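Working notes, structure below.
Just so it is clear, none of the values below were taken in a lab; they were calculated from the coordinates. Predicted model, so just to flag it, every value in this text is computed and none were measured. Neighbour counts are summed over all protein chains in view; Cβ atoms, including those assigned to glycine, are modelled from backbone coordinates with ideal geometry.
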Amino acid sequence: MDSADLGSQDSWYLIQQDIHRYVGVLTAFLLVIGLSRLMCYETEQKTAGLIGTAARGPLSTWGVKAGLSVIYCGMVVLALGAATLGVQGAQIGFRDALSPVTDCVYFESVPLSNISFCVLQYVFLFLGALYFAGFILIVGAVTKRTAFTISLCGGSYLMLLCYQFFVDGLLQSSSAHICTVIEPVCAFLFRFSFCGFMQLESCRWTAVLGWTGQWENVWKPVAFVLAAIVAEFAILKIIWRRGAKT
C-alpha cells in the first residue's frame with residue numbers, strides 16, 4: 001500500500017508498521033554480514049600472536065573492536081532510518097509530522113509527535129542492534145570461525161522470527177497440553193531476546209507480549225537492554241583477553 005494513497009495520520013501509522021516489521025530484519029542481516037568476521041579475523045589469518053607483542057595489545061584491540069561495532073550499528077540504523085523515513089515521509093510531504101500521534105503500534109497513547117515517535121523507534125532499534133551485535137561478537141570470539149558465526153547468529157535470528165510470525169500463532173491456537181506449557185516459555189524467551197528488541201516487540205512492557213503497552217513503563221525494557229548490552233561486552237572482554245593469552 002502506498003503511503004500517498006492514505007490520509008496523513010494513516011500514513012504515519014503505516015510508516016510505524018514498516019519500521020516495526022521490515023527495517024529490523026534488514027538491520028539484523030547487515031549486522032550478521034558486517035560483524036561476524038570481526039572477532040575471527042586474527043585467528044583465520046594466523047596473526048593472533050601479534051596482539052600479545054604489545055603491552056596493552058589485547059585490551060586495546062578489544063576496545064577498538066567494541067567501538068567499531070557500536071559505530072557500525074549506529075551507521076546502519078542511521079542510514080536505514082534516513083532512507084526509509086525520508087522516502088516515506090516525502091511521499092506525503094511530511095504532512096502532520098509535528099502533529100500528536102493518534103494511532104500507535106505499541107502503546108495506547110504516546111505524548112510525542114508523529115516524526116518524533118518514528119525517530120524514537122529507530123533509537124529502540126539501535127539498542128536492539130547493539131544487543132544483537134554483542135551476541136554476534138561473543139559467538140565469534142568463542143568459535144573463531146566466520147562461517148560458523150554467520151550460520152549460528154543468522155539461524156538464531158531466523159528461528160526467533162519464525163516463532164514470532166508462525167509458531168506463536170500455532171501454539172496459542174492449539175489446545176494440546178504440551179503447547180500450553182511451551183507457549184509461555186517461548187514468549188518469555190522471545191521477549192528478552194535480541195530479536196524481540198530489534199522487531200520492537202519488547203519495547204512495550206506488558207503482562208503478555210503483543211498487548212498494547214503503557215507509555216509510563218517504557219523505561220523498563222530500556223533499562224533491561226542497556227544492562228544486557230553492558231553484560232555482553234563485559235563477557236566479550238573476558239573471553240577476548242583469555243583467548244589472547246593462549
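Helix 57-91 and the long axis of the chain differ in direction by around 20°, with both axes built from C-alpha atoms.
Across the stretch 146-160, computed HN-Hα scalar couplings (Karplus, 6.51 cos²θ - 1.76 cosθ + 1.60, θ = phi - 60°) run 5, 4, 5, 5, 4, 5, 5, 6, x, x, 4, 5, 5, 4, 5 Hz from first to last residue, x flagging Gly and Pro.
One equal scatterer on each Cα of the stretch 3-245, no solvent, Debye formula: the resulting log10 I(q)/I(0) at q = 0.07, 0.10, 0.13, 0.14 Å⁻¹ is -0.28, -0.55, -0.86, -0.96. Remark on the stretch 144-246: ratio of C-alpha radius of gyration to 2.2 N^0.38 Å is 1.31. The label point for ALA223 and the one for LEU26, both projected 7 Å from the Cα toward the Cβ, are 3.4 nm apart. If you line up the long axis of helix 219-245 against the longest principal axis of the chain, both from Cα atoms, how many degrees apart are they, to the nearest 10? Tilt of helix 219-245: around 20 degrees. Applying the Karplus relation 6.51 cos²θ - 1.76 cosθ + 1.60 with θ = phi - 60° to the stretch 170-176 yields 3J(HN,Hα) values of 5, 5, 6, 7, 7, 9, 5 Hz, where x marks Gly and Pro. Mean residue ellipticity, 222 nm, helices only, the chain: the sum of -39500 (n - 2.57) across DSSP H runs of n ≥ 4, divided by residue count and rounded to 500, is -22000 deg cm²/dmol.
Listed by Cβ neighbour count within 10 Å, with the fewest neighbours leading, VAL25, VAL77, VAL230 appear as VAL230, VAL25, VAL77.
What FRET efficiency would be calculated for the residue pair ILE182, ALA234, taking the C-beta separation as r and a Förster radius of 45 Å, to the nearest 0.05? Could the numbers behind the result be given before it?
Numbers: r = 32 Å, r/R0 = 0.71.
For ILE182 and ALA234, the calculated efficiency is 0.90.
Once the Cα atoms are used to define both axes, helix 177-191 deviates from the longest principal axis of the chain by about 80 degrees. The relative contact order of the chain comes to 29 percent, based on Cα pairs under 8 Å that sit 6 or more residues apart. Annotation: amide H-H contacts under 5 Å for SER174 (H modelled 1.01 Å from N, sequence separation of 5 or more, or interchain): none. Distances between placed amide hydrogens fall under 5 Å for GLY213 paired with PHE107, GLU108, all partners being 5 or more residues away or on another chain. Placing dummy labels 7 Å off each Cα toward the beta-carbon, the span from VAL119 to MET75 is 2.3 nm.
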